[in-house]
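Structure first, then comments.
Nothing in this text is a laboratory measurement; each read-out follows from the coordinates by a stated rule. Nothing here was measured: the structure is a model prediction, and the numbers come from that model. Neighbour counts are summed over all protein chains in view; Cβ atoms, including those assigned to glycine, are modelled from backbone coordinates with ideal geometry.
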């Protein structure tokens, strides 16, 4: 029986964090953030994001989410080595991608300015508020996609590397009907160096091409 694959990480084979920012501004606040994702109609997942002070980042889908399949891969970004590693625990495989050495790479982003200037392109600050006790700036954009309008909002926390603590995307038809909604928001935040276990990749895992791991997961 084929197992359903709920996974974004392996589908994007070229994903490498490459936010261009002045290295002098990489004063990163380490953290562990747990997030809840909701996609209409009815899809719900839980994620863990953890960032070390050296910029190494991990993003995982947690097995506790209502829509978790057990086949999710997770992503490890190591900017010091210009690499991103996709890890598929269910089949004991990894796929490693490298970014060009001449491209600034950083698994976390920090803006030297309190308004998170440079963090997003094409968005306008429309307000501010708080999320889990942290001040957030509300950035918004509206673009036309085919016959629909796509409205996106990010709530960035200046005190936590201008990280996204909440994101919402809504697609609305020209008639004003909501076609789809997507939202992800932090449900817990812990500052400080994350648990080292989050970053461990078993040495026994085989290095394979993304297509090989993808096929193994769905068989």
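Here the Kirkwood formula, the inverse mean of 1/r across different C-alpha pairs, assigns segment 23-218 a hydrodynamic radius of 18.4 Å.
Summary of packing: across the peptides 181-194, 156-169, the per-residue average of other C-beta atoms within 10 Å ranks them, highest first, as 156-169, 181-194. Multiplying the residue separation of residue 168 and residue 53 by 0.36 nm and subtracting their alpha-carbon distance yields 38.7 nm.
Once the Cβ-Cβ distance of residue 205 and residue 67 is raised to the sixth power relative to R0 = 30 Å, the FRET efficiency obtained is 0.75.
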